[in-house]
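Asker: Dropping a structure here in structure tokens format, bear with me for questions.
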Amino acid sequence: MTKFLFATMPFDGHFNPLTSIAVNLKAQGDDVRWYAGPSYASKLSDLGIPHVPFQRAREVSGENIADLFPARAGLKGPKLLSFDLEQVFVANVEHHYHDILEARETFPFDALVCDPGFYAAHLISAKLNPRVYTVGVGPLVGLSGEPPPFFGLKPVRTIVDKLVHRVARALLNSTMKQGVKTYNRVLAMEGLPPVAVGDFFELTRRCATYYFQSGVPGFDYPRRGLPANVRFVGPLLPYKAGMRRQLPVELDEKLQRYRSVIVVSQGTVDNGDPEKLFVPALEALKGGSHLVVATTGGKNTADLRSRYPEDNVLVEDFVDFDLLFEHTDLFICNGGYGSILLALSHGVPVVSAGVREGKTDINARIDYFGFGIDLKTERPTPAKVAKGVTRILADKRFSQKVASVRAEFETYRPLDLIDAFISADDPITSSRVISAERDQPRAAAAG
């Protein structure tokens, strides 16, 4: 029996993709526990996984970040990235490390499983020497100068592109300096050497035995190659109990009457202000021929229902996307990586509007691969939403390209792959790994 400690930053997009891995390991008889903020206690209880709570660390989550840092709402671009790096990801590193150091006294874990933003993993690896498995919960970034730097840039095609990328990388490094300086002070207190600014985003990859990237090569920019420990494993979706849930009765009835379905979501972090995406989308589509299903995450549901009483509009707190996407023709969202992967895995093209929390890079990929349209704004107008919807539904090339990546997704069995890699005595030559990769040809090619 192996002892696994999972550790994630307190954001659903960092926590949810790892739940299926944790439940799978637990089902195989391993001892699995999870270091997480207090807001995840009930979720871990539902999963049957013991919660190792934050002790020294302060939970900064999607629910409280606006209250803790009200000035953050006015930041964007490099200033927002600099703020988040230092205040959200680095400020708690020392506390995360000492919390886990203390937890290891009663739970001597063999392996740490974390998300890429859990930068205490570098200290834990260097000081405690467990096996580390990092799970990529967003686009693969920061490897050997590839792919393009942040800010929604796409692969180089011209000399001008090269110059733009060079300037963007210099800006990115400048933006990160203060956060990395703070991080290096923590390293110095623990007797560890400093890290260079350009290496920071690779820390949780370099300390990992394997870096399991959620997604497929067909949703990643072209590369000259990947480090040996990086493996695409297919879409890592949140764990769901075996019992298949039902769609709301009203929704099920309306699905029979409308020929096309459009789903609208504003994500789980930045969904407090419905004027950003819900209102423009519903204004654009109310009274039309499409059934429009807006899922609010429990925020502003009653108000939106009152404002949009049209028969073709249905506003719900939550709907099982795995069921709903089976009927969906188009997904309007702000670019969350997990929901994008789920939509693509169901063959659903995307209209995306979002530029914060790294969404520019996700949405740029949507546009680059022709899986949908990037509206390149946080607050699209109804006319802009309507134009994107009309274009996608009228052009079969979008659905054809999405069908291609869906077929690639279907060649992967994520949990089988991860289990094979983790179980291998020799990670490179184990027959279990070779067998797993033979069954997943694109995964083998990626490494």
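The values are calculated or read from the model by the stated rules, or taken from the named source; none is laboratory data. Remember, it's a predicted structure, so these values are computed and weren't measured experimentally. All Cβ positions, even for glycine, are placed from backbone atoms using ideal geometry, and neighbour counts span all protein chains on display. The area values use the complete protein model at the heavy-atom level, side chains included, leaving out ligands, DNA and RNA. Shrake-Rupley method; radii C 1.70, N 1.55, O 1.52, S 1.80 Å.
Asker: Compute the FRET efficiency between Phe318 and Met1 as 1/(1 + (r/R0)^6), taking r as their Cβ-Cβ distance and R0 = 30 Å, and round to the nearest 0.05.
Answerer: Efficiency, rounded to the nearest 0.05: 0.25.
Asker: If r is the Cβ-Cβ distance from Lys396 to Arg58 and R0 is 60 Å, what FRET efficiency results, to the nearest 0.05?
Answerer: Working from the Cβ atoms, E equals 0.75.
Asker: How far is helix 93-106 tilted off the main Cα axis of the chain, in degrees rounded to 10, range 0 to 90?
Answerer: Computed tilt is about 70 degrees.
Asker: So what does log10 I(q)/I(0) come out to for the chain at q = 0.08, 0.09, 0.11 Å⁻¹, using the Debye formula with one equal point on every Cα and no solvent?
Answerer: -0.45, -0.58, -0.89
Asker: Write down the radius of gyration of segment 191-317 and its Dmax, each obtained from C-alpha positions, in Å.
Answerer: 21.4, 66
Asker: Of the heavy-atom accessible surface of the chain (probe 1.4 angstrom), what whole percent is carbon and sulfur? List each step's numbers first, then the result.
Answerer: On the way: 10040 of 19320 Å².
In the chain, the share of accessible area belonging to carbon and sulfur is 52 percent.
Asker: Then there's this: Which lysines, if any, have their Cα less than 25 Å from the Cα of Lys26, not counting same-chain residues under 8 positions apart?
Answerer: Of all the lysines, those that pass the test against Lys26 - Cα under 25 Å, at least 8 places apart if same chain - are Lys3, Lys43, Lys240.
Asker: For segment 75-210, what is the convex hull volume of its Cα atoms per residue in Å³?
Answerer: 107
Asker: If the limit is 22 Å between Cα atoms, which of Lys127/Lys181; Lys154/Lys376; Lys299/Lys384; Lys76/Lys276 go over it? Each step should come with its number before you reach the end.
Answerer: Numbers: Lys127/Lys181 20 Å; Lys154/Lys376 13 Å; Lys299/Lys384 24 Å; Lys76/Lys276 15 Å.
Going by Cα-Cα distance, Lys299/Lys384 fall outside the 22 Å limit.
Asker: Does anyone have the angle between helix 359-369 and the longest principal axis of the chain? Alpha-carbon axes, 0 to 90°, nearest 10?
Answerer: Orientation of helix 359-369: about 70 degrees from the principal axis.
Asker: If the viscosity is 1.567 mPa s and the temperature 4 °C, what Stokes-Einstein diffusion coefficient in µm²/s follows for segment 96-156 when Rh is the Kirkwood radius over Cα pairs?
Answerer: 96
Asker: List the residues whose amide H sits under 5 Å from the amide H of Val32, counting only those 5 or more places along or on another chain, with H placed 1.01 Å from N in the peptide plane.
Answerer: Sorted by chain and number, the residues that satisfy this are Phe4.
Asker: Indicate, rounded to the nearest 5 percent, the antiparallel portion of the DSSP beta bridges found entirely in the chain.
Answerer: Taking every DSSP beta bridge within the chain, about 5 percent pair in antiparallel fashion.
Asker: Related question: Which value, in Å³ per residue, describes the convex hull spanned by the Cα atoms of segment 1-97?
Answerer: 100
Asker: For segment 50-151, compute Rg over Rh where Rg is the Cα radius of gyration and Rh is the Kirkwood radius from the inverse mean 1/r over Cα pairs.
Answerer: Rg/Rh for segment 50-151 comes to 1.00.
Asker: So if R0 is 30 Å, what FRET efficiency would Ser404 and Lys79 give, r being the distance between their Cβ atoms, rounded to the nearest 0.05?
Answerer: 0.20
Asker: List the relative contact order of segment 79-184 as a percent without decimals, with contacts defined as Cα pairs under 8 Å and 6+ residues apart.
Answerer: Result for segment 79-184 is 33 percent.
Asker: Please state the relative contact order of the chain as a whole percent: Cα pairs under 8 Å, 6+ residues apart?
Answerer: 15
Asker: Excluding same-chain residues fewer than 8 positions from Lys79, which aspartates and glutamates have a Cα within less than 16 Å of its Cα?
Answerer: Qualifying aspartates and glutamates at Cα under 16 Å: Glu357.
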